[in-house]
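Every number in this text was worked out from the coordinates using simple rules, so none of it is lab data. Small disclaimer: the values here were computed from a predicted structure and weren't measured. Ideal geometry is used to build each Cβ from the backbone, glycine not excepted, and the neighbour counts take in all protein chains shown.
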Amino acid sequence: MLIAAGSGAAAAENWTRFRGPNGTGVSTATNLPVEFGPEKNVKWKAALPNGHSSPVLTDSHIFLTAHSPEKDAYTLFVIALDRKTGRQLWQRNVPRRQTGRRENLNGPASPSPVTDGANVYAFFQDFGLISYTADGKERWRLPLGPFNMFYGFGASPILEDGTLILPVDQDIDPYLLAVDAKTGKQRWKVSRPHVISGYSTPTIWRPRTGPAQILIPESFQLTAYSVADGSKIWWVRGLACEMKSVASIDGTTLYVNGWGFGQNQAGTQIPTVDFATGLKRFDANGDGVVGRDEITGTERMDRMLRPEAGFDAFDGNRDGKLDARDWDVFRAMLAAENGLMAITLGGSGDMTSTAVKWKYLRPVPQVPSTVLYQGVLYMVNDSGILLSFDPATGNVIKQGRLKGAIDKYFASPIGADGKVWLASQGGTISVVTARGDWEMVQVNTLDDEVFATPVPADGELFVQTRSALYNFAVPSR
């Protein structure tokens, strides 16, 4: 059965990947409900298992990933719903090959699926890639892993011209993978030894001449790779040590925010020493590495190395010891700067000296991406502070608290219907006017946590909470 994925403006309505068309977070949808809640403007509500991934839409289907609530013996699911009614069409259990490391609130179903309209493609850290038809028939599977990211897997697969692309930004043997969407066979795999744990989903850029490029916010740098063969085309250094956000792009410029540690704020970096000096200072047993139990000092660097602070983030192979490579990563991570950057697209090789248009080096969010909508760049901080920027200069147009929505944020802002929509972890969804001097329009409260980015499409707003998917819409008159 073929389900149209649409093209042009219709593609935005179908929202076929994480954050919609090319990861922009922008929709052409209109007549979206401004006021909504568990008992208000609910077109339908579908109960779901747990999952942090965002839903993806075709004309007739909604695809999601999820997991059962058991702490250790959980089951992985790919689920299809009827878009019109929310009725479950099918649910498929995905086997677990391994148990991957996860920290904090990350879960086993965090990466979002992607669809081409006729099929759905899902990735799980505990299994790998798997594809089903819209009717739920398995097409192929590609087991992968095990993986070694500090917080666990966060990036979602994307689809470009029949190629499924997955960045594996991990501390040991990082790579970029391209898979034939029809067969599940590997097209190419490129090693990326400069990368450590990262969680960003790629964006596609199509220059006026030359092949399409994969843009990935990596640890310490943004890199562009060829869709055709994965070759590294150009890069810009200066990103944060830990990237989670998806880049926003216009025709010529990319905008991306990154946060590592509080100690990465500009001007507050902690001085470090080279590995040889570190061994003299900490290697009490003389085995040539720095063990977890050998960090006993009280200097700022020492405190950052302690197990209760950053030690595990620097220990790439999780063996409880820092070797020379780990120590280099530690130094690079502490030297990095948090912030928001504007980068001119294109070039060849290292473009750092000429491509950086501006930097904003004050606090930025840990997880949510920016959204570039109607000529304004928006960013929400973890405490519910919304900032609007002039994308040409980086100047802040307005900064203010989202009253009634001072909370943690994991979902990214979206732009649609002349407004910006922001969902907090506690289930509060704020709607503001889409202009530089934005104003609050409405604050809506749900009855559950929200980690997934909302999806606007065809006059409907889909919001996935921890236990359900809501379809909010203004009733027809």
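If each residue's Cβ is checked for other Cβ atoms within 10 Å, how do THR298, THR272, THR99 rank with the fewest at the top?
If I rank by nearby Cβ atoms, fewest first, I get THR298, THR99, THR272.
Obtain the nm distance between the two label points defined at ARG208 and ASP287 by a simple spin-label model: each point lies 7 Å from its Cα along the Cα-to-C-beta direction.
Once both label points are built, they end up 6.0 nm from each other.
Taking the dipole about the Cα centre of the chain, with the C-beta of Lys and Arg at +1 and of Asp and Glu at -1, give me whichever of ALA434, GLY400, PHE147 is farthest to the positive side.
Result: ALA434.
Which of rounded, prolate or oblate describes segment 1-157 when judged by the alpha-carbon gyration tensor and an a/c cut-off of 1.5?
It is prolate, given that a/c is not under 1.5 and a/b is the larger ratio.
Give the label of the value calculated from the structure for Cα extents along the principal axes in Å, choosing from (i) 72, 52, 40; (ii) 76, 49, 48; (iii) 65, 59, 44.
Matching the structure shown: (ii).
Counting other Cβ atoms within 10 Å, which trypsin sites (Lys or Arg not before Pro) in segment 244-349 have at most 12 and lie in a DSSP loop?
When the trypsin sites (Lys or Arg not before Pro) of segment 244-349 are filtered for loop state and at most 12 Cβ neighbours within 10 Å, ARG318 remain.
Which lysines, on any chain, are close to LYS40 with Cα under 28 Å apart, when same-chain ones fewer than 8 places away are left out?
Within reach: LYS84, LYS403, LYS408, LYS419.
Amide H to amide H, which residues 5 or more places from TRP90 or on other chains are under 5 Å from it, using H placed in the peptide plane?
Amide H neighbours of TRP90, under 5 Å, 5+ apart: ALA80.
May I ask for the longest run of the chain untouched by GluC sites (Glu not before Pro) that are loop-located per DSSP and have at most 14 neighbouring C-beta atoms (other than their own) within 10 Å?
In short, 104-298.
I need to check one value: relative contact order of the chain, counting alpha carbon pairs closer than 8 Å and at least 6 residues apart, in percent.
Once normalised by length, the contact order is 15 percent.
For the chain, with the dipole built from +1 on Lys and Arg beta-carbon atoms and -1 on Asp and Glu ones, taken about the Cα centre, which of PHE36, ILE130, LEU279 lies farthest toward the positive end?
Comparing the listed Cα positions along the dipole, PHE36 ranks first.
Obtain the nm distance between the two label points defined at THR433 and GLU138 by a simple spin-label model: each point lies 7 Å from its Cα along the Cα-to-C-beta direction.
Spacing of the two 7 Å Cα→Cβ label points: 5.4 nm.
Run the numbers on segment 275-335 and let me know its relative contact order in percent, using alpha-carbon pairs under 8 Å that are six or more apart.
Relative contact order here is 29 percent.
To the nearest 0.05, what FRET efficiency results for ASP323 and LYS185 with a Förster distance of 45 Å applied to their C-beta separation?
0.80
Given bins 10 angstrom wide, list per bin the percent of all Cα-Cα distances in segment 39-130, short to long.
16, 49, 27, 8, 0
By the gyration tensor of its Cα atoms, with a ≥ b ≥ c the square roots of the eigenvalues, what is the shape of segment 144-286: rounded for a/c under 1.5, prolate for a/b over b/c, or oblate?
prolate
Based only on Cα atoms, what Rg/Rh ratio does segment 275-335 have, Rh being taken as Kirkwood's radius?
Answer for segment 275-335: 0.90.
What FRET efficiency, computed as 1/(1 + (r/R0)^6) with R0 = 41 Å and r the Cβ-Cβ distance, is obtained for ASP229 and GLU103, rounded to the nearest 0.05?
For ASP229 and GLU103, the calculated efficiency is 0.75.
Label-point separation (nm) for ASP390 and ARG92, each offset 7 Å from Cα along Cα-to-Cβ?
For ASP390 paired with ARG92, the spin-label model returns 5.1 nm.
Please give the length that would be gained between GLN399 and ALA276 if that part of the chain were fully extended, namely 0.36 nm times their separation in residues minus their C-alpha to C-alpha distance (nm, one decimal).
39.7 nm
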